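Enquirer: Structure incoming, see below.
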Amino acid sequence: MHVRVLGSAAGGGFPQWNCGCANCADLRAGAPNLHARTQDSLAVSADGEHWFLLNASPDVRSQIEGFAALHPRERRHSPIAAVALTNGDLDHCLGLLLLRESQPLVVYATERVIQGLLDRNAVMRTLDRFHGHVRWQQLHFGREQALVDASGRALGISLLAVAVPGNPPLHLRNQPASPEDNIALFARDERGFTLAYAPSVAALGDWTARLTESSCLFFDGTFWSDDEPVGLGRDGRRARDMSHLPIGGDEGSLRALDGRVPAQRFFTHINNTNPILRVGSPEHDAVVAAGWQVAMDGMEVRR
Ligand SMILES: [Zn+2]
Ligand SMILES: [Zn+2]
């Protein structure tokens, strides 16, 4: 399996256009220990030829241009065969609209997330320009599904969706919550290498048992502490109110997952306020000392 980190920042990216927090300000000023990041997405391939994306970020256009394996090989072509979505948040889905130039694609998501995108959303008809333009493929819990491209050709990877505590996207908060709102995805190749991808995690629980058996993990690193986002938004929400379990603290993911995660593990989906973005900060060093890597755009895993 070949995994490429296309983007490693939470919604808004790093720096975020309307953010003047210490991280964003120092990055703009050229601080050498801070590195810009685009919004969270992974590109995955079994053969290096045919790829699928885990989440389609609003930065997908520059992410494709920045990775030669995703460039077209004919006058009209894309190595991207499919996209799988972990939830309906705009920072995970908006990229679909940027992939609209008549390229056949398969999009994998839960029924709930597909409904949220297609139901009364006229803009999504831009992905329905011709019969078979985009095929929406439902992910079902407890069933591993072999990924295929738009012509039905197998990509050599199977995908398993697991429900993870979370919320519907902000623009659908009037709906009752469903286990299908937010998932972790486990991508397994034919040699048994398993990539676990859980960029939005409101709480741990039984579902984390599968993390132990994975070969490589990308986990929600949005916030270091629960009060980190307070005072930035208009609503005073804390990390947990935003369905993100913080990394630090007695009940944070770093301590709670200790000993239950694969050796190769990354925090990703990192909010621009998070102190782990600052190389050499105590929080950054604590994460690294615990055997985690802080994901950065362009990192790769090959097995
Ligand atoms: Zn997100
Ligand atoms: Zn910021």
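Enquirer: What residues have an amide H closer than 5 Å to that of Trp136, excluding those fewer than 5 places away on the same chain, when H is modeled at 1.01 Å from N in the peptide plane?
Expert: Amide H neighbours of Trp136: Val107.
Enquirer: Can you work out ³J(HN,Hα) from phi for every residue in segment 50-65, in order, using Karplus 6.51 cos²θ - 1.76 cosθ + 1.60 and θ = phi - 60°, giving whole Hz and x for Gly and Pro?
Expert: 10, 10, 10, 9, 9, 6, 10, 7, x, 9, 4, 4, 5, 5, 5, 4
Enquirer: Arranged by the count of other C-beta atoms within 10 angstrom, fewest first, what order do Met242, Met296 take?
Expert: Starting with the residue having the fewest Cβ neighbours, the order is Met296, Met242.
Enquirer: Over segment 187-258, what relative contact order in percent results from Cα pairs under 8 Å that are six or more residues apart?
Expert: Details: 102 pairs, mean separation 19.4, N = 72.
Taking the mean separation of contacting Cα pairs over the length of segment 187-258, I get 27 percent.
Enquirer: Nearest-5 percent of antiparallel DSSP beta bridges in segment 110-256?
Expert: Of the beta bridges lying entirely in segment 110-256, close to 75 percent run antiparallel.
Enquirer: Separate question: Could you please rank Asp250, Asp235, placing first whichever residue has the fewest other Cβ atoms within 10 Å of its Cβ?
Expert: By the 10 Å Cβ count, ascending, the order reads Asp250, Asp235.
Enquirer: Let me ask another. Once you sort the root eigenvalues of the Cα gyration tensor of segment 145-265 as a ≥ b ≥ c, which label holds: rounded (a/c under 1.5), prolate (a/b larger than b/c) or oblate (the other case)?
Expert: oblate
Enquirer: Give me His35, His92, His131, His77 ranked fewest to most by other Cβ atoms within 10 Å of their Cβ, as a rough exposure proxy. Kindly include the intermediate steps, with their values, before the conclusion.
Expert: Details: His35 16, His92 28, His131 5, His77 10.
Lowest to highest Cβ neighbour count: His131, His77, His35, His92.
Enquirer: Can you bin segment 68-212 into rounded, prolate or oblate? Criterion: square roots of the alpha carbon gyration tensor eigenvalues sorted a ≥ b ≥ c, rounded for a/c under 1.5, prolate for a/b above b/c, oblate for the rest.
Expert: oblate
Enquirer: Karplus couplings for segment 243-249 from phi (6.51 cos²θ - 1.76 cosθ + 1.60, θ = phi - 60°), rounded to Hz, Gly and Pro as x?
Expert: Ordered by residue, 3J(HN,Hα) equals 6, 10, 5, x, 7, x, x Hz.
Enquirer: OK, next. Give a residue-ordered list of calculated ³J(HN,Hα) values for segment 29-36 (Karplus: 6.51 cos²θ - 1.76 cosθ + 1.60, θ = phi - 60°; whole Hz; x for Gly, Pro).
Expert: My calculation for segment 29-36 gives 7, x, 4, x, 9, 10, 10, 4 Hz in order.
Enquirer: Net charge around Leu6, counting only other residues with Cβ within less than 13 Å of its Cβ (Lys, Arg = +1; Asp, Glu = -1)?
Expert: -3
Enquirer: Using alpha carbon centroids, what distance separates segment 158-198 and segment 59-106, in Å?
Expert: 19
Enquirer: Is the shape of the chain rounded, prolate or oblate, going by the alpha carbon gyration tensor and its root eigenvalues a ≥ b ≥ c, with a/c under 1.5 for rounded and a/b larger than b/c for prolate?
Expert: rounded
Enquirer: Tell me the net charge near Leu98. Cut-off is 10 Å between Cβ atoms, Leu98 excluded, with +1 for each Lys or Arg and -1 for each Asp or Glu.
Expert: Here the charged neighbours net out to 0.
Enquirer: While we're here: Can you give the charge dipole size of the chain about its Cα centre, rounded to the nearest 20 debye, using +1 on the beta carbon of Lys and Arg and -1 on the beta carbon of Asp and Glu?
Expert: Result for the chain is approximately 700 debye, rounded to the nearest 20.
Read-outs: derived from the displayed coordinates by stated rules, not from any lab. The shown structure was predicted, so the numbers you read here are calculated from the model rather than taken from an experiment. Here Cβ is always computed from backbone atoms with ideal geometry, including for glycine, and neighbour counts include all displayed protein chains.
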